[in-house]
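I have placed the structure first, in the form of structure tokens, so that the comments after it can refer back to it.
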Amino acid sequence: MSLNAAQTAAVETLSGPLLVLAGAGTGKTRVVTYRIARLIKSGVAPDRILAVTFTNKAAREMQERISSLLPKRIDKKKPEISTFHSLCVRILRRQIYRLGFPTQFSIYDRGDQESLARQILREVKISSAALRPADFLKAVGDWKTAGVRPEKALEIATDSKDYLCAVSYSKYQARLKNLGAVDFDDILLLTEDLFRLHPDALAEEAARFDHLLVDEYQDTNMCQYRVVKGLALPHRNLCVVGDDDQAIYAWRGAEVKHILNFKRDWPDAKIVRLEENYRSTAQILRWANTLVAFNSTRHEKRLRSTVQGETPRILQCKDAEEEAKRVALSIRVRMEEARLRPRDFAILFRTNEQTRAVEMELRSAKIPYVVVGGQSFFDRKEVKDVVSYLKAILRPQDDVALLRTINSPPRGIGSTTIGKMRERAVAEGKPIWEIATKDDAFMETLDARSREATKRYCDLIVAEGRKLKREFSAEGLAKFLEAVKYQEEIDRLYPDEAERKARTDSVGEVVDAAAAFLKENPGGSLGAFLDDAALGGPDFSSQQDKKSQSDAVLLSTYHAAKGLEFKEVYMVGMEEGILPHQRSIETLTETAIEEERRLCYVGVTRAQRRLTLTMALARTKWGKARPTIPSRFLYELTGQSDNPRYLAAKEGRRPNETKRTPPRRRD
């Protein structure tokens, strides 16, 4: 199978707990897919294997690779390979009734959450000056990621803002349940609640599988950790794969301790280290190994490569403009001399704000580029409108979907009428749909025009929606959009012809996505399509996936570049306050700095053949040029931790002597 000794050991360990420490570029995906194929060839039924990862792209690639390894006669039943959120949605669709939710619950995206948050804060009479909806949702998201429920949030509130968030959190959750909806973070939290409160549900779900594999285990948060443990305990055939040196998501709740403590959680676990790197040169790996060794909380491992190359470079520049010019010129020269394509290069940043100068220089040099992190397909108004219509069809009690669609396009239902219906719904503790369709006494208090317009909207949702619910199809979706006259909304809002065409094309993309979804899932329902959309399924490829495949230089943050690789990489802004980030420095904790060091390590290990790190001696802030301090990581990478300037960098000062001299390059 052309595997090295460590990879073979991981593939051939078919039972019991197993930790595979897979360093960057060591063939992790190959090991996972070969191991699943090996399990199936050894007699394990494919549908008794569950593999969980973090992105739809990774799940797709894994499924495709496994299919290519197996004979067609074996491949009739496939292993279940999905993201954590997809897995938990399927569990909740089967079991959430135990928690008092409808099985056809809606999944709220960020826009839906913000609409609901504004309603809740308005009802509890908290002004936007005292608490912005975005700040409230940030607090709620952090609590949910950490497994903190509303009652606990009230206990741990430390100031007035925390207290306002905690009080509103309780009402927010109650309203979600009343509407038969969950937000993205609830998907994990409610699965954990389900397993904790209903052991029979946990037993039922765990009994579906005999083997569980988890990819990128270092990125699991507390909810994911508990869900995995619950599913794996009955059979103990748990294989987790990951790299603690690439744990860079603490800011979204990931806890590196889960991979560090795996042996403690599963004392009989076998540990396999993958250290043979197939991506980078030995010179690049020497810097990477030297850097990450400064972290004290890690599994010991050292990447090796037989490929030789040139020593990485450090470029010292006068300012951000010169830095950008030198990077763009270097790329142009390498494209001409080494016959490289734009897609062979990546420019990595700590924050999105750093891209301006580089973008200007790349444009000037006529070098095509893309920036990862643009507007998501599902953030476009017209796409959100179409999805909201589908949510309203499936569950008209969803107030957020109803309020978004009731006047798109305008139907003569004024804001005063909508306000009255909303007030009545809140007072009665009922969805607006019930007020509009069943509360005849209240509806009679409205003027005849508004009453008739509301009735026409409700009849439209029921009549046209019935067809889509009965048989979901792309053609049916297109006819539905004609029936609700959504094109009128686009024509009204976008008089410019080019803009109007682009918006119309976006709506067409949703119809195309429905066709692609049904091709992959024959007989798929409207509800399943909405789940796929909410979770960013295969037919809703992210902007990042599309951009990273185009023939252009990729401009990306380190976080967004994880998992990618390029022939040549430029890491810009290697200064204290940028990398490591100022927030991490100000925490005064080694834990925060260690995460920044791992982020730097991720950047270094994206490079296959050539690595360049750049720094500016001064950067302009608020119109004034301010001197910078070289990043401590430059000294660590080059093995100069005994240099007095390294200590100065860590202390946040520029040494008096040779203060503008960067670290010298070492082999």
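The values are calculated or read from the model by the stated rules, or taken from the named source; none is laboratory data. If you're wondering where the values come from, they're calculated on a predicted model, not measured in any experiment. Positions of Cβ are generated from backbone atoms using ideal geometry, with glycine treated the same way; all protein chains shown enter the neighbour counts. With ligands, DNA and RNA removed, areas are computed over all heavy atoms of the protein, side chains included. Shrake-Rupley method; radii C 1.70, N 1.55, O 1.52, S 1.80 Å.
Relative to the dominant Cα principal axis of the chain, helix 355-364 is inclined by about 80°. Roughly how tilted is helix 28-41, in degrees to the nearest 10 and between 0 and 90, from the longest Cα axis of the chain? Roughly 60 degrees, rounded to the nearest 10.
The 1.4 Å probe gives accessible areas that order Glu359, Glu322, Glu337, largest first, as Glu337, Glu322, Glu359. Measure nothing fancy, just the Cα-based angle from helix 133-145's long axis to the longest principal axis of the chain, in degrees from 0 to 90, nearest 10. Relative to the chain, helix 133-145 is tipped by roughly 70 degrees.
So which aspartates and glutamates pass the test for Lys28, namely a Cα distance under 17 Å, with those fewer than 8 places away in the same chain ruled out? Within reach: Glu12, Glu61, Glu64, Asp215, Glu216, Asp219, Asp243, Asp244, Asp245, Glu275, Glu276, Glu565. For segment 134-174 versus segment 427-453, the spacing of their alpha-carbon centroids is 33 Å. Among the lysines, select those whose C-alpha is under 18 Å from the C-alpha of Lys621, and discard any that sit fewer than 8 residues away in the same chain. Filter leaves Lys318. Segment 19-75 and segment 547-580 have their alpha-carbon centroids 28 Å apart. Put Arg424, Arg35 in order of accessible area, highest first, and with a 1.4 Å probe you get Arg424, Arg35. Fully extending the segment from Ser127 to Lys318 would add 64.1 nm, taking 0.36 nm per residue of separation and subtracting the current Cα-Cα distance. Of the whole protein surface, Ser506 contributes about 10 Å² of accessible area at a 1.4 Å probe radius. Sites listed here are GluC sites (Glu not before Pro) in segment 402-465 whose DSSP assignment is loop and whose Cβ has at most 10 other Cβ atoms within 10 Å: Glu444. Calculated mean residue ellipticity at 222 nm for the chain: -15500 deg cm²/dmol, from DSSP H runs with n ≥ 4 weighted as -39500 (n - 2.57), summed, divided by the residue count and rounded to 500.
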